[in-house]
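**Student:** I am attaching a structure below and will ask some questions about it afterwards.
The values are calculated or read from the model by the stated rules, or taken from the named source; none is laboratory data. What you see is a predicted model, and the numbers here were worked out from it, not measured in a lab. Note that we place each Cβ from the backbone using ideal geometry, even for glycine, and neighbour counts take in every protein chain shown. Ligands, DNA and RNA are excluded from the accessible area calculation, which covers all protein heavy atoms including side chains. Shrake-Rupley method; radii C 1.70, N 1.55, O 1.52, S 1.80 Å.
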Amino acid sequence: MDVGFHGLSAFPLTPADEDGVVDVEALSRLIERLDAAEVDTIGLLGSTGSYAYLSRSERLRAIKAAAECVKGKRPLIVGVGALRTSESVALAKDAEAAGADALLLAPVSYVPLTQEEAYHHFAAVAGSTSLPLCIYNNPSTTKFAFGDELLVRLAYIPHIRAVKMPLPSDTTFKDELERLRPRLGEGFAIGYSGDWGASQAVLQGADCWYSVIGGLLPVPSLRLLRAAQAGDTAEVQRIEAYFQPLWSLFQEFGSYRVVYAAANLLSLTHRQPPLPIMPLSLSDCARVEEALAKLSELDGLPAATP
């Protein structure tokens with residue numbers, strides 16, 4: 001399957017019990033929602049999908065369950081981040097064998113990596129399968145920042161086809177995209193995570209929104225994404241107003257905790273984040289419920305033009 005790394009890439013939770021055993025039934029329920037909504041790609045085992053907290057065998061169980069749900073109808077991008085290069089290579093091979101269509105790789109480390117170490121890590125994983133690979137640039141979690149020169153070197157490695165960028169803190173989307181695109185080459189996709197800023201990134205020409213909320217609420221997320229793709233700034237601003245209470249909670253507590261609370265409130269799962277991550281308090285869950293109620297008011301509004 002051709003994976004263009006464009007549009008809405010929806011990242012669901014991977015519900016699991018206290019021992020890290022994946023709840024396949026709950027995961028399948030989440031995946032089926034994404035498939036029914038016709039998201040552009042499904043991002044399995046990203047940060048929202050708890051990849052760092054799951055064993056190799058449980059990651060494989062999750063991939064097999066997701067592949068069985070999707071049945072090749074839309075691309076399945078699977079996270080394969082791990083501390084050791086050999087482990088990431090093994091995870092990449094598992095993902096390919098289990099039905100993944102693409103890989104997502106973050107530079108997970110305990111000892112901080114150098115730019116050269118990250119280059120060789122990515123080169124080894126990219127060369128271990130025939131699947132296209134997306135660079136996961138997530139410095140707020142990994143504490144590793146990709147320099148432009150490293151991104152350029154990685155872009156010339158066969159199979160490395162995209163980068164998932166964080167929201168820029170010291171420049172604009174337009175300036176960053178104009179700086180990177182000529183150097184990363186034609187056909188190399190640049191997308192963004194950070195749900196509260198991603199629609200602006202797409203308005204400015206980004207290829208993809210790698211979305212936490214899209215993995216739980218794909219329908220309103222697609223409406224926001226399609227409005228941005230159409231360049232309809234007024235519609236983006238109107239829809240963003242319904243998302244804003246949720247974005248505020250994401251920024252206050254982290255999207256991971258909030259989306260678990262939301263999934264429970266919607267009875268899509270009753271699992272909690274893996275310890276030591278604590279679930280939100282009852283009072284904070286009530287705030288999440290209010291934010292979901294605000295977003296539900298979007299139902300019935302005219303759909304954004306694709």
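**Student:** Considering each residue of region 142-152, count those that are open to solvent by 90 Å² or more (accessible area, probe 1.4 Å) and within 20 Å of the chain's Cα centre (by Cα), and give that number.
**Tutor:** 1
**Student:** For region 120-144, name all the residues that are of a type outside the set (A, V, I, L, M) and either under 16 Å from ILE77 (Cβ atoms) or touching a helix residue (DSSP H, G or I) at 6+ places or on another chain (Cβ under 6 Å) (or both). Outline the logic, then answer.
**Tutor:** Initial filter on region 120-144 (of a type outside the set (A, V, I, L, M)): 120-122, 127-130, 132, 134, 136-144.
Selection gives HIS121, PHE122, SER128, THR129, SER130, PRO132, CYS134, TYR136, ASN137, ASN138.
**Student:** Right, here's the next one. Restricting to region 75-91, what's the tally of residues that are open to solvent by less than 30 Å² (accessible area, probe 1.4 Å), out of contact with any His (no Cβ under 8 Å at 6 or more places or on another chain) and not β-branched (Val, Ile, Thr)?
**Tutor:** 7
**Student:** Another question, if that's okay. Cβ-Cβ under 6 Å, sequence separation 6+ or interchain: first residue in region 40-66 and closer than 19 Å to CYS134 by Cα and in contact (Cβ under 8 Å) with a residue 60 or more places away in the chain, partner hydroxyl-bearing (Ser, Thr, Tyr) and in a strand (DSSP E or B). Which pairs?
**Tutor:** Close Cβ pairs (under 6 Å, with a partner that is hydroxyl-bearing (Ser, Thr, Tyr) and in a strand (DSSP E or B)) amount to THR41/SER9; GLY43/SER9.
**Student:** If ASP94 passes every condition in (1) over 29 Å from SER140 (Cβ atoms); (2) touching a helix residue (DSSP H, G or I) at 6+ places or on another chain (Cβ under 6 Å); (3) acidic (Asp, Glu) but one, which one does it miss?
**Tutor:** All conditions pass for ASP94, except number (1).
**Student:** Moving on. Which one of these is open to solvent by less than 50 Å² (accessible area, probe 1.4 Å), small (Gly, Ala, Ser), free of Cβ contacts under 8 Å to residues at least 12 places away in the same chain and farther than 21 Å from TYR53 by Cβ: ALA286, ALA227, ALA234, ALA291?
**Tutor:** Values: ALA227 fails: free of Cβ contacts under 8 Å to residues at least 12 places away in the same chain; ALA234 fails: open to solvent by less than 50 Å² (accessible area, probe 1.4 Å); ALA291 fails: free of Cβ contacts under 8 Å to residues at least 12 places away in the same chain.
The conditions single out ALA286.
**Student:** May I pose another question? Yes or no: region 182-197 includes at least one residue that is free of Cβ contacts under 8 Å to residues at least 12 places away in the same chain, over 28 Å from GLU32 (Cα atoms) and either aliphatic (A, V, I, L, M) or open to solvent by less than 30 Å² (accessible area, probe 1.4 Å) (or both).
**Tutor:** Step one: of region 182-197, the residues free of Cβ contacts under 8 Å to residues at least 12 places away in the same chain are 182, 186.
From what is left, the residues that are over 28 Å from GLU32 (Cα atoms) are 182, 186.
Now narrow it down to the ones that are either aliphatic (A, V, I, L, M) or open to solvent by less than 30 Å² (accessible area, probe 1.4 Å) (or both): none.
No, region 182-197 contains no residue that is free of Cβ contacts under 8 Å to residues at least 12 places away in the same chain, over 28 Å from GLU32 (Cα atoms) and either aliphatic (A, V, I, L, M) or open to solvent by less than 30 Å² (accessible area, probe 1.4 Å) (or both).
**Student:** Quick check, is ALA201 in contact (Cβ under 8 Å) with a residue 24 or more places away in the chain, open to solvent by less than 50 Å² (accessible area, probe 1.4 Å), touching a His at 6+ places or on another chain (Cβ under 7 Å) and under 30 Å from TYR156 (Cβ atoms)?
**Tutor:** Details: in contact (Cβ under 8 Å) with a residue 24 or more places away in the chain: yes; open to solvent by less than 50 Å² (accessible area, probe 1.4 Å): yes; touching a His at 6+ places or on another chain (Cβ under 7 Å): no; under 30 Å from TYR156 (Cβ atoms): yes.
Considered against the rule, which asks whether it is in contact (Cβ under 8 Å) with a residue 24 or more places away in the chain, open to solvent by less than 50 Å² (accessible area, probe 1.4 Å), touching a His at 6+ places or on another chain (Cβ under 7 Å) and under 30 Å from TYR156 (Cβ atoms), ALA201 comes out as no.
Residue-wise test of (1) at pLDDT 95 or above; (2) out of contact with any strand residue (DSSP E or B) (no Cβ under 8 Å at 6 or more places or on another chain); (3) surrounded by fewer than 24 Cβ atoms within 10 Å (Cβ to Cβ); (4) closer than 20 Å to PHE188 by Cβ.
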| site | (1), (2), (3), (4) |
| --- | --- |
| LEU54 | yes, no, yes, no |
| ALA65 | yes, no, yes, no |
| LYS93 | yes, yes, yes, no |
| LEU103 | yes, no, no, yes |
| SER130 | yes, yes, yes, yes |
| SER140 | no, yes, yes, no |
| LEU154 | yes, no, yes, yes |
| HIS159 | yes, no, yes, yes |
| PRO166 | yes, no, yes, yes |
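**Student:** Something else about it: Which condition number does SER267 fail, the rest of (1) surrounded by 15 or more Cβ atoms within 10 Å (Cβ to Cβ); (2) among the polar types (S, T, N, Q); (3) in a loop (DSSP other than H, G, I, E, B) being met?
**Tutor:** Of the numbered conditions (1) surrounded by 15 or more Cβ atoms within 10 Å (Cβ to Cβ); (2) among the polar types (S, T, N, Q); (3) in a loop (DSSP other than H, G, I, E, B), the odd one out for SER267 is (1).
**Student:** With respect to ARG226, determine if the residue is under 18 Å from the mean Cα position of the chain (by Cα), assigned to a helix (DSSP H, G or I) and either on the phi > 0 side of the Ramachandran plot or not polar (S, T, N, Q) (or both).
**Tutor:** Working: under 18 Å from the mean Cα position of the chain (by Cα): yes; assigned to a helix (DSSP H, G or I): yes; either on the phi > 0 side of the Ramachandran plot or not polar (S, T, N, Q) (or both): yes.
Judged against the criteria, ARG226 is a match.
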